[in-house]
Amino acid sequence: MRKYVGELPKQYDPKVVEKEVRSLWEQEQTYEAVKKFRAKGPKFYFLDGPPFPSSDTPHIGTSWGKVVKDTVIRYKRSQRFNVRDQPGYDCHGLPIELAIEQKFGIKTKKDVENFGLERFITECRLFAETNSVAMGRAFADLGIWMDWAKPYMTHQDSYIESGWWGVKQASSKGLLEHGQRVVHWCPQDETVLSDYEVVLEYKMLRDPSIYVKFPVEGKENEFILIWTTTPWTLPSNVAVMVNPDFQYAKVRSGNETFILAKERIEAVATASGRTFELLESFPGTQLNGVRYHSPLETLVPIQLNLKNAHRVVLSKEYVTLEEGTGCVHSAPGHGEEDYEVGVRYGLPVLMLVDDQGKFSPEAGKYAGKPVRSANSEVIDDLKSLGMLLHSEEIEHRSPVCWRCKTPLLIRATDQWLIRIAQKKNDFMKEVDATRWIPDWAGAVQFKNWLEGLKDWVVSRQRFWGTPFPVWTCDFCGKQKVIESKQELLDNATSTPNLPTLHVPWVNKVKLRCECGAEMTRIPDVMDVWFDSGGASLASLGYPQNAQESKFWWPADFIVEGRDQITAWFFALLKSGMVTMGKSPYKTVLMHGFALDSEGREMHKSAGDYVTANEVVEKFGRDSFRYYVLQSTLWEDLRFSWDAVKQYSGDLSTFWNTFVFAGTYMSLDKFSPHVPLKQLTRSLRPEDVWLLSRMNRAIKEATALMDEYKIHEAVRKLKAFLVEDLSHTYIRFIRRRTWVEKQTRDKLAAYTTLYTALKVALVMLTPITPFLTESIYQHMFRNAEPKHLQSVHMLDWPKFDEKWISDSLEEEMNAAKDIISTVAVARMQKSMKQRQPVPKVIVATDSKSVRKALKTYSTLLLDQANTRTLAPTPRAETSKYETPTRFSKAEFADGTVYVDLKLSKSELAEGLARDAVRRMQQMRKEMDLKVDSYVHAYILAPSTDAAKLLKGNRTYVAGEVRAKQLVITTKKEETDAPYYTKTWQINSETYEFGLCEKTKLEKKANPRK
Ligand SMILES: [Zn+2]
Ligand SMILES: [Zn+2]
């Protein structure tokens, strides 16, 4: 096997590179091999946040997230970690039910039952599984190395069982409760929504805004004045809340008297166009217990039978003076705050609204009507009863169902919940013990959210979900929580047919109660957030797979978008606290949203929708990855095609840097077998400088990657590759690599370059895995001592503090300043860079510039192309202030003077360099290999010119690899197939001729 560095294709073509690498990975089973290679390392449990497989193409934001995950996984693997990399899908839930409903034209829950539950569930499963597979393919295509063959899916029986076990945990800890809760309800989907779902979507809605008179008991024409925007809740009114700390007033208008907050009199008068005469004012406490009649009692007879209702109660928290009358109509069945105050005062909860958002039969006149459309009827009735003071309309922001856009109702329902509201302090402690990136994601955002921690409503009234594992006795009402399939089978009255644990099959399983009667499963399913919240254990197959689970749990790292603060991060924490009493994750990274160029959210139906796949088509996978990874992770990414294009240009620069090294190293059959340690005496200062920069880059990038500041690490790497390596070091060592002899000096340059390039390559590997793999395979694999099969098996580099030198780096900055300032001074007088000059003076008082002149003297002579280079104090520059002799230019720490007076030898050298440049240009045009030899001639315009050139013949011949170089003034006849070209140099005409040596040999010996 070849042991030296190989050559890289000259052009970076992502399409070719990625195709080759993909088929290599497939052939060599690279992913599996790398995993095995790291299997003995310390554990790193990455937990994937499962996307909803609601479509077959992932959103670009999800692809971004997956790229971040892959980058972390690859980084950890390069640090020898044994990474758990199972992807997941959140397969249950309403979005999938809705997709199936749409497909078959199903409108309501009743329709689903008519359609057939077995068929419906089978369709849901098929939909989820098909999309999961398609999404997995799309992610894998991006180069995401996860275990696509074995994802966790929340609808798998083992996953469901883990959820059941979680419910059992809650139950045996006394946290599971079945009770009344006021919830947000979607009347279309006929199910409860979670608090974190409620905040997902709002709409501006036009609603009535009415002032209603509540007649005070035993008083003629005296009313408590209330204000509401939900007239449909008035049939369910049971109380009025006032604030004990406010002043209230009785006012007269015509022959009527109204009670309202004193501070609201003017506003209500303006709104209603009435004039009010103040009769008396008094504190709110005085209203406590005042009784009144429901204004609708004649139309809703149940209002007449309520006990302990229709009175004024006190609430400091929920009565404000910002709007309304300061007297708040209270319907505990339709408001969380009303409910809370109602419980405090023992008020009845009146619920007249059914699951579909229609009034129930007890609602009297309104029975059967959808509540929102009953609004106008209620208003008309109030008017004809003389109970309406004023009515207008307002527009306000109201929550709507994020799935079907129906305005949500608030209603009291019986739900299963897990009591966690009391555990707020324990939750906060866990948040403090978790590492958050950025830290405000936890310390501010998550903690703010947890301030409002309520009990967890975990039941849903749907079909496609984890069946709620509670069976109740049809006779004695006893309840039993089942924690596994085995327990279910052990307690079943007969052996059931259970293809899956889902509805409707599981519903047919009856259990035997202690009383002898049969137990039936309650119809609810679990909240899907209960599913995904349990992922840290369920994906491990806990509790069945206890031993392996113990090894991995808790998760070391999770990363998701910023919307997950109130969603998955929250659900995981709740689940972890309920089951294990602690948080299931140690580190959380939060990323932003992918927006379109205008800053709008991207949806298929809105914004400039772009998928990762489109970016890949145009620029390649590595470009997509590099582009999203350089963007500040926790800020939103405004997608821009121009930016993608610009960043993809960086990848070409990276590639070209390696191309240069590969070309010359392979030419010289360079092998990195001599360690740097043995070359220290041959290292030039610029080599040592590069090694300082390299060790610093490792140090900084490692720290940043460890802090998950991936975008900053990417920028550091780019600076090292582009600035230090490509623009600086490679330019400096070009001449050293052209020398044909194998010198220690050249070996030192190659070894330094190889070391730095390999470091850069490995550090780029997690970011652009295709490009780096390709470079590794072409250039490094054979040269490396172990010939490891993939770049993804190389260890992340370690830095050595000893190499890092602040002064050497500072002096290099000064040296670079001098070089560029000399170039400016030359340009001003059209003195070509190729033309050696006798001297350059650097006038400076800066210590580091003077030190740089010493440290980098050889480099500076070469780069400034001067015979001598000397410093002088700034005060002593008068003798150089002769513009005909010296060209000057300034830099921050001094002035550079370039001597323009050339001697004959400098002129000759300048001409030689001019000739070399032209002939090298011709070599390129002839498409010659870098190492092929030529025969060449130069036809000079005069004997003087020929003489000047002849003085540097060896140099010219060496540079252009000419085995034979004729310098003449007379064109001779020859039958050699020369490639000829004429050039103007210093306003004279030269002709150059080049012929590849092998062609001449073939000509001489045609049969060969
Ligand atoms: Zn809905
Ligand atoms: Zn029983």
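Among the residues of the range 256-273, write down those that are assigned to a loop (DSSP other than H, G, I, E, B) and either among the hydrophobic types (A, V, I, L, M, F, W, C) or modelled with pLDDT of 95 or more (or both).
If the condition is that a residue be assigned to a loop (DSSP other than H, G, I, E, B) and either among the hydrophobic types (A, V, I, L, M, F, W, C) or modelled with pLDDT of 95 or more (or both), then no residue fits.
Being over 19 Å from residue 214 (Cβ atoms), without any contact (Cβ under 8 Å) to a residue 60 or more places away in the chain and in contact with a Leu (Cβ under 6 Å, 6 or more places away or on another chain) is the requirement here; does residue 373 meet it?
Criteria not met by residue 373.
Of the numbered conditions (1) under 30 Å from residue 645 (Cβ atoms); (2) modelled with pLDDT of 95 or more; (3) among the acidic types (Asp, Glu), residue 7 satisfies every one except a single condition; which is it?
The failed condition is (2).
All but one of (1) aliphatic (A, V, I, L, M); (2) within 16 Å of ligand 1 (Cβ to nearest atom); (3) surrounded by fewer than 21 Cβ atoms within 10 Å (Cβ to Cβ) hold for residue 528; state the number of the condition that does not hold.
Here residue 528 clears every test but (3).
From the list 330, 294, 384, exactly one residue is closer than 16 Å to residue 182 by Cβ and hydroxyl-bearing (Ser, Thr, Tyr). Which is it?
After ruling out the rest, the residue left standing is 330.
Given (1) within 27 Å of the chain's Cα centre (by Cα); (2) of a type in the set (Val, Ile, Thr); (3) crowded, with 19+ Cβ neighbours inside 10 Å, identify the lone condition not met by residue 737.
Among (1) within 27 Å of the chain's Cα centre (by Cα); (2) of a type in the set (Val, Ile, Thr); (3) crowded, with 19+ Cβ neighbours inside 10 Å, the lone unmet condition for residue 737 is (1).
If you go through the range 263-286 one residue at a time, how many are surrounded by 13 or more Cβ atoms within 10 Å (Cβ to Cβ), over 55 Å from the mean Cα position of the chain (by Cα) and farther than 22 Å from residue 311 by Cα?
Result for the range 263-286: 2.
Which condition number in (1) in contact with a Lys or Arg (Cβ under 7 Å, 6 or more places away or on another chain); (2) closer than 27 Å to residue 376 by Cα is the one that residue 309 fails?
(1)
Looking at the range 837-846, can you tell me whether even one residue there is at pLDDT below 95, of a type in the set (A, V, I, L, M, F, W, C) and farther than 22 Å from residue 739 by Cα?
Looking through the range 837-846, none of the residues is at pLDDT below 95, of a type in the set (A, V, I, L, M, F, W, C) and farther than 22 Å from residue 739 by Cα.
What about residue 387, is it under 27 Å from residue 196 (Cβ atoms) and crowded, with 16+ Cβ neighbours inside 10 Å?
It is false that residue 387 is under 27 Å from residue 196 (Cβ atoms) and crowded, with 16+ Cβ neighbours inside 10 Å.
Considering the range 345-368 alone, what residues qualify as being within 14 Å of residue 187 (Cβ to Cβ) and among the hydroxyl-bearing types (Ser, Thr, Tyr)?
Listed by number, the list holds a single entry, 360.
Mind listing whichever residues of the range 771-807 are in a helix (DSSP H, G or I) and either surrounded by 22 or more Cβ atoms within 10 Å (Cβ to Cβ) or small (Gly, Ala, Ser) (or both)?
The answer is 771, 772, 773, 774, 775, 776, 779, 780, 791, 792, 807.
Of everything in the range 292-337, what is without any contact (Cβ under 8 Å) to a residue 40 or more places away in the chain and touching a helix residue (DSSP H, G or I) at 6+ places or on another chain (Cβ under 8 Å)? Give them in sequence order.
297, 317
For every residue, the table says whether it meets (1) crowded, with 16+ Cβ neighbours inside 10 Å; (2) in contact (Cβ under 8 Å) with a residue 40 or more places away in the chain.
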position: 823; (1), (2): yes, no
position: 827; (1), (2): no, no
position: 835; (1), (2): yes, yes
position: 847; (1), (2): no, no
position: 852; (1), (2): yes, yes
position: 864; (1), (2): yes, yes
position: 868; (1), (2): no, no
position: 872; (1), (2): yes, no
position: 894; (1), (2): yes, yes
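Which pairs turn up if I take residues in the range 394-407 that are of a type in the set (Gly, Ala, Ser) and look for partners that are near ligand 1 (Cβ under 10 Å from one of its atoms) with beta carbon separation below 9 Å, at least 6 apart in sequence or on another chain?
398/407; 398/408
Any idea which of (1) more than 30 Å from residue 60 (Cβ to Cβ); (2) surrounded by fewer than 20 Cβ atoms within 10 Å (Cβ to Cβ) is the one residue 578 doesn't satisfy?
For residue 578, the failing item is (2).
Go through the range 274-302 and count every residue that is within 18 Å of residue 214 (Cα to Cα) and outside any strand (DSSP E or B).
Summing the residues that are within 18 Å of residue 214 (Cα to Cα) and outside any strand (DSSP E or B) in the range 274-302 gives 18.
In the range 379-423, which residue that is hydroxyl-bearing (Ser, Thr, Tyr), assigned to a strand (DSSP E or B) and more than 14 Å from ligand 1 (Cβ to nearest atom) is farthest from the chain's Cα centre (by Cα)?
391
Out of 42, 14, which single residue is in contact with a Phe, Trp or Tyr (Cβ under 8 Å, 6 or more places away or on another chain) and surrounded by fewer than 22 Cβ atoms within 10 Å (Cβ to Cβ)?
None of the others qualify; the one that does is 42.
Go through (1) closer than 19 Å to residue 566 by Cβ; (2) surrounded by 13 or more Cβ atoms within 10 Å (Cβ to Cβ) for residue 439 and report which single condition fails.
(2)
Pairs under 7 Å by beta carbon, first residue under 21 Å from residue 459 (Cβ atoms) and within 14 Å of ligand 1 (Cβ to nearest atom) in the range 91-106, partner among the hydrophobic types (A, V, I, L, M, F, W, C) and in a loop (DSSP other than H, G, I, E, B), six or more apart or different chains?
93/52; 93/464; 95/52; 96/464; 97/463; 97/464; 98/404
Pick from 436, 440: which is in a strand (DSSP E or B) and farther than 21 Å from residue 183 by Cβ?
Going through 436, 440 in turn, the sole match is 436.
Can you tell me which residue within the range 382-433, out of those that are under 27 Å from residue 342 (Cβ atoms) and among the small types (Gly, Ala, Ser), is nearest to ligand 2 (Cβ to nearest atom)?
Among those that are under 27 Å from residue 342 (Cβ atoms) and among the small types (Gly, Ala, Ser), it is 412.
Identify, from the list 516, 534, 541, the residue that is at pLDDT 95 or above and either on the phi > 0 side of the Ramachandran plot or within 16 Å of ligand 1 (Cβ to nearest atom) (or both).
541 is the lone residue from the list that is at pLDDT 95 or above and either on the phi > 0 side of the Ramachandran plot or within 16 Å of ligand 1 (Cβ to nearest atom) (or both).
Is one or more of the residues making up the range 461-469 in a helix (DSSP H, G or I), more than 16 Å from ligand 2 (Cβ to nearest atom) and touching a residue at least 40 places away in the same chain (Cβ under 8 Å)?
Scanning the range 461-469 turns up no residue that is in a helix (DSSP H, G or I), more than 16 Å from ligand 2 (Cβ to nearest atom) and touching a residue at least 40 places away in the same chain (Cβ under 8 Å).
What about residue 30, is it surrounded by 23 or more Cβ atoms within 10 Å (Cβ to Cβ) and either touching a residue at least 60 places away in the same chain (Cβ under 8 Å) or among the hydrophobic types (A, V, I, L, M, F, W, C) (or both)?
Here the answer is no, as residue 30 does not meet what is asked.
State which residue pairs qualify: first residue touching a residue at least 12 places away in the same chain (Cβ under 8 Å) and inside the range 706-724, second residue surrounded by fewer than 16 Cβ atoms within 10 Å (Cβ to Cβ) and part of a helix (DSSP H, G or I) in any location, beta carbons under 6 Å apart, and separation of 6 or more residues or different chains.
Pairs found: 722/653.
Looking at (1) within 16 Å of ligand 2 (Cβ to nearest atom); (2) over 24 Å from residue 457 (Cβ atoms), find the lone condition where residue 477 falls short.
Going through (1) within 16 Å of ligand 2 (Cβ to nearest atom); (2) over 24 Å from residue 457 (Cβ atoms) one by one, residue 477 breaks only (2).
The values are calculated or read from the model by the stated rules, or taken from the named source; none is laboratory data. Please read these numbers as outputs of a predicted model, since none were measured by experiment. No Cβ is skipped: glycine too gets one built from the backbone with ideal geometry, and neighbour counts run over all protein chains shown.
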